[in-house]
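Student: One structure follows; several queries about it will come next.
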Amino acid sequence: MRLLMVLASCLLLAACNGVAEDASGAEIFEHSCASCHSQDASGGVGPPLNAGSNASEQPDSFLTETITRGRGSMPAFDFTEEQLQRLVEHLRSLP
């Protein structure tokens, strides 16, 4: 049941971007990603995104495509190019 609630939350967040146009990468992550990937990006319902994870080894183009198109149970997000760039930069900065 908890998994279902988390997935439903992720879908709701994706449906209503709700992120300020000028939000930092960390703010975008906290608002749109942390509920599935955890606050420190170590993983949860979604896979880890921090340094040393499979995601951290992927090129930026893979990350942006995954974010904008979704992958598996992850929904697609409708971010601007600038928001995407800030989010990917934030992911690259994670320890």
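Computed from the coordinates by the stated procedures, all read-outs in this text should not be read as laboratory data. Nothing here was measured: the structure is a model prediction, and the numbers come from that model. With ideal geometry, Cβ positions are generated from the backbone for all residues, glycine too; neighbour counts draw on all protein chains shown.
Student: Kindly state, to the nearest 0.05, the FRET efficiency for Gln39 paired with Thr66, given R0 = 25 Å and r defined as their beta-carbon distance. Present the calculation step by step, with values, prior to reporting the outcome.
Tutor: On the way: r = 20 Å, r/R0 = 0.79.
My answer for the efficiency is 0.80.
Student: Using just the Cα positions, wrap segment 34-84 in a convex hull and report its mean projected area in square nanometres, one decimal place. Please list the in-between numbers first.
Tutor: Values: hull surface 14.3 nm².
Computing the convex hull of the Cα atoms and averaging its projections yields 3.6 nm².
Student: Provide the FRET efficiency to the nearest 0.05 for the Glu81-Glu27 pair, computing r from the beta carbons and using R0 = 25 Å.
Tutor: Details: r = 17 Å, r/R0 = 0.67.
According to the calculation, E is roughly 0.90.
Student: For a protection proxy built on the mean count of beta-carbon atoms within 10 angstrom, sort 82-91, 51-60 highest first, please.
Tutor: Values: 82-91: 18.7, 51-60: 13.0.
The most tightly packed comes first, giving 82-91, 51-60.
Student: For Thr66, Thr80, what ranking results if the residue with the fewest other Cβ atoms within 10 Å of its Cβ goes first?
Tutor: Numbers: Thr66 16, Thr80 11.
Lowest to highest Cβ neighbour count: Thr80, Thr66.
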